[in-house]
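The values are calculated or read from the model by the stated rules, or taken from the named source; none is laboratory data. This one's a predicted model, so the numbers in the text were calculated from it and none came from an experiment. Here the Cβ positions follow ideal geometry from the backbone for every residue, glycine too, while neighbour counts run over all protein chains shown.
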Amino acid sequence: MITVYVPRDSAATSVGADEVTVALEREAALTGRSVRLVRTGTRGMLWLEPLVEVDTGTGRVRYGPVCADEVAELVAAGLFEGAPHPRCVGPVDELPWMRDQQRICLARVGVIDPLDPVAYERTGGLVGLRRALAMPPEQVIAEVTESGLRGRGGAGFPAGIKWKTVADAAGPDGLKFVCCNADEGDSGTFADRIVMEGDPFSLLEGMTIAAHAVGASEGYIYLRSEYPDAAAVLSAAIGVARDCGWLGRDILDSGSDFDIHLRIGGGAYICGEETSMLESLEGKRGMVRAKPPIPAITGLFGRPTAVNNVLTLVSVPAILADGGKAYAELGVGRSRGTQVFQLAGNIARGGVFETAFGITLSELVSGYGGGTHSGRPLRAVQVGGPLGAYIPAERMDLPTDYEAFAASDFMLGHGGIVAFDDTVDMASMARFAMEFCAEESCGKCTPCRIGSVRGVETIDRIVGGEDPEGNLALLSDLCDVMTEGSLCAMGGLTPNPVRSAMLHFPEDFTARRQTTSAAQGTTEKESR
Ligand SMILES: Cc1cc2nc3c(=O)[nH]c(=O)nc-3n(C[C@H](O)[C@H](O)[C@H](O)COP(=O)(O)O)c2cc1C
Ligand code: SF4
């Protein structure tokens, strides 16, 4: 029996993985081979999708990108035997992209069928949960605290401290919740989706451990509406977990009850902000709540609630399985463990790459990412989503470390890295930041709601040559007002991309723009 693995997640199916699977089944039947096809998640090397892996008995040999039309030729050339071919990229674990990673969140993604509970347990699943259930909750919190795990949703808040706050909060009636923030609205981020589609049980396990730690009996996953494939996988995984006794009453014969419900988001970026997410979960419009009270004390339906990002929760089973100390040995400074970096934008090799904190931007973007897709010089990267700063190419030596980033007024956020080559116009990127804020603002406070609109107008005046000096000063003042006066980080951080564009690329707001416009004008005249 030959086993062939083909990803079933949305990254792979969007480029034809389903058609490739059908073609493989057809060729197996035509050639009389006994082939077992296993659908997995993506390995995260998106430029190689659809990626077909063949188990040769001595390891998996991979072919990619494979298109359905060429499957017959590949099979004739010996794909089912792992034979060499121009599409063959060799054994899975020997490619530098795979070899150099430290995959904790991604350990099983691309390896097993995401909905196979036997394969999940065979690859270390539930070890962390069983260990956690055998401990008193405070010891689970102590392990997570010792691991140094910080929230991966953007703010980097220590998970252990948050959980202790929820555990210590009495609430009105003892009812508590765990909410997984799977809204993943940041530009250039897709790691949550890849994990949810490729290893959903690890998220359910992480949430169940969190529930035991904080004393919650109900959990919610708030998933963005744009992820229908993840919704289907998660719903199926919740059903399988209930059938296996991993969720519901008396989980794993521990005497504890915990169940998880999937809720589909309202389709707005601001619904990823935790208080807005809670409003949306309660069936209301996604509007930001003033803090305090923090959700850990007064959260969903007024009860103490642990809100955590997908990657935060998915890191937890390994922490409980191997101990907080082992996890804390990875990383630098106060950035412990691993981060799933997402390489996107104008990049030769895009995808997800999980490694310990401390790797430099250059190693990620120019090294594993292979530089820009266009082949032109890199000019900037935006790290941390639409509210993250634009980091100039000269700063690519920066280590990925929350504190090192903060010291330079940058932020790591959710670990999304979007690359731009030297054709990018940073004034229009600054304008886009304000425009995005105007579009996505919940409208509750003036600096964000009105400031972002005035920001767009001010940048238009600058690039239009209308009193550039005066309007640049006005834009700078406006950024100060938004930073200081906004109720939440949406309005408060929008100045990040704007200020970084002004600071690191001033020529795009004045001289370079005028030279470029003049040159374009000349070319236009010549071509007439
Ligand atoms: C505008 C805005 C959007 C956000 N979107 C997300 C999101 O999509 N996913 C997420 O986990 N956190 C998002 N956050 C951060 C959450 O408010 C919150 O800090 C996080 O979910 C807490 O989980 P963590 O401690 O595990 O990171 C967003 C914050 C803001 C201000
Ligand atoms: S900063 Fe923007 S998104 Fe946040 S509360 Fe104010 S208006 Fe709403």
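A few notes on this one:
- Residue list for the stretch 490-508, restricted to those being assigned to a helix (DSSP H, G or I) and more than 15 Å from ligand 1 (Cβ to nearest atom): 498, 499, 500, 501, 502, 503, 504, 506, 507, 508
- Taken over the stretch 216-274, residues that are within 23 Å of residue 165 (Cα to Cα), touching a Ser or Thr at 6+ places or on another chain (Cβ under 6 Å) and of a type in the set (Asp, Glu) amount to 1.
- Matching residues, the stretch 442-474, being under 28 Å from residue 276 (Cα atoms) and away from ligand 2 (no atom under 13 Å from the Cβ): 454, 456, 457
- From the options 155, 167, 182, 213, residue that is among the hydrophobic types (A, V, I, L, M, F, W, C) and within 16 Å of ligand 2 (Cβ to nearest atom): 155
- In the set (1) assigned to a loop (DSSP other than H, G, I, E, B); (2) modelled with pLDDT of 95 or more; (3) not aliphatic (A, V, I, L, M), residue 202 fails one condition alone, (1).
Listed here are the residues, each with its yes/no results for (1) in contact with a Pro (Cβ under 6 Å, 6 or more places away or on another chain); (2) of a type outside the set (A, V, I, L, M); (3) over 24 Å from residue 381 (Cα atoms); (4) within 16 Å of ligand 1 (Cβ to nearest atom).
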| site | (1), (2), (3), (4) |
| --- | --- |
| 424 | no, no, no, no |
| 434 | no, no, no, yes |
| 461 | no, yes, yes, no |
| 472 | no, no, no, no |
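- Residue list for the stretch 150-170, restricted to those being closer than 22 Å to residue 415 by Cβ and surrounded by fewer than 23 Cβ atoms within 10 Å (Cβ to Cβ): 151, 155, 156, 157, 158, 160, 161
- Residues that are more than 30 Å from residue 291 (Cα to Cα), assigned to a loop (DSSP other than H, G, I, E, B) and not assigned by TED's automatic domain parsing to the domain that holds residue 417 do not occur anywhere in the stretch 370-387.
- Of all residues in the stretch 480-495, those satisfying the criterion of being touching a Ser or Thr at 6+ places or on another chain (Cβ under 9 Å) and within 17 Å of residue 411 (Cα to Cα) are 483, 488, 490, 491, 492, 493, 494, 495.
Residue-wise test of (1) buried (at least 24 other Cβ atoms within 10 Å of the Cβ); (2) modelled with pLDDT under 95; (3) over 29 Å from residue 492 (Cβ atoms); (4) near ligand 1 (Cβ under 10 Å from one of its atoms).
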residue: 231; (1), (2), (3), (4): no, no, yes, no
residue: 243; (1), (2), (3), (4): no, no, yes, no
residue: 261; (1), (2), (3), (4): no, no, yes, no
residue: 266; (1), (2), (3), (4): no, yes, no, no
residue: 289; (1), (2), (3), (4): no, no, no, no
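- Set side by side, the residues 282, 273, 205 differ, and just one is touching a helix residue (DSSP H, G or I) at 6+ places or on another chain (Cβ under 8 Å), surrounded by fewer than 16 Cβ atoms within 10 Å (Cβ to Cβ) and either assigned by TED's automatic domain parsing to the domain that holds residue 175 or farther than 30 Å from residue 119 by Cα (or both), which is 282.
- Enumeration of residues in the stretch 105-119 that are under 16 Å from the mean Cα position of the chain (by Cα) and surrounded by 23 or more Cβ atoms within 10 Å (Cβ to Cβ): 105, 106, 109
- Residues (aromatic (Phe, Trp, Tyr) and closer than 30 Å to residue 134 by Cα) located in the stretch 243-283: 246, 258
- Within the stretch 1-26, residues that are under 22 Å from residue 195 (Cβ atoms) sit with their Cβ atoms under 8 Å from residues that are modelled with pLDDT under 95, at 6+ positions apart or across chains, in these pairs: 5/55; 5/60.
- Helices (runs of 4 or more DSSP H) contained in the stretch 117-195 and holding at least 2 residues closer than 28 Å to residue 341 by Cβ, charged (D, E, K, R) and more than 15 Å from ligand 1 (Cβ to nearest atom): 137-147
- Counting only residues that are among the polar types (S, T, N, Q) and within 13 Å of ligand 1 (Cβ to nearest atom), the stretch 436-456 holds 2 of them.
Yes or no, residue by residue, for (1) in the same structural domain as residue 500 (by TED's automatic domain parsing); (2) surrounded by fewer than 17 Cβ atoms within 10 Å (Cβ to Cβ); (3) in contact (Cβ under 8 Å) with a residue 12 or more places away in the chain:
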| site | (1), (2), (3) |
| --- | --- |
| 404 | no, no, yes |
| 451 | yes, no, yes |
| 454 | yes, no, yes |
| 464 | yes, yes, no |
| 478 | yes, no, yes |
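- Some residue of the stretch 336-347 being surrounded by fewer than 19 Cβ atoms within 10 Å (Cβ to Cβ), in contact (Cβ under 8 Å) with a residue 12 or more places away in the chain and either away from ligand 1 (no atom under 16 Å from the Cβ) or not assigned by TED's automatic domain parsing to the domain that holds residue 188 (or both): no
- Which listed residue is among the small types (Gly, Ala, Ser), within 16 Å of the chain's Cα centre (by Cα) and closer than 30 Å to residue 39 by Cβ, from 237, 230: 230
- The requirement of being among the hydroxyl-bearing types (Ser, Thr, Tyr) and closer than 16 Å to residue 93 by Cα is not satisfied by residue 31.
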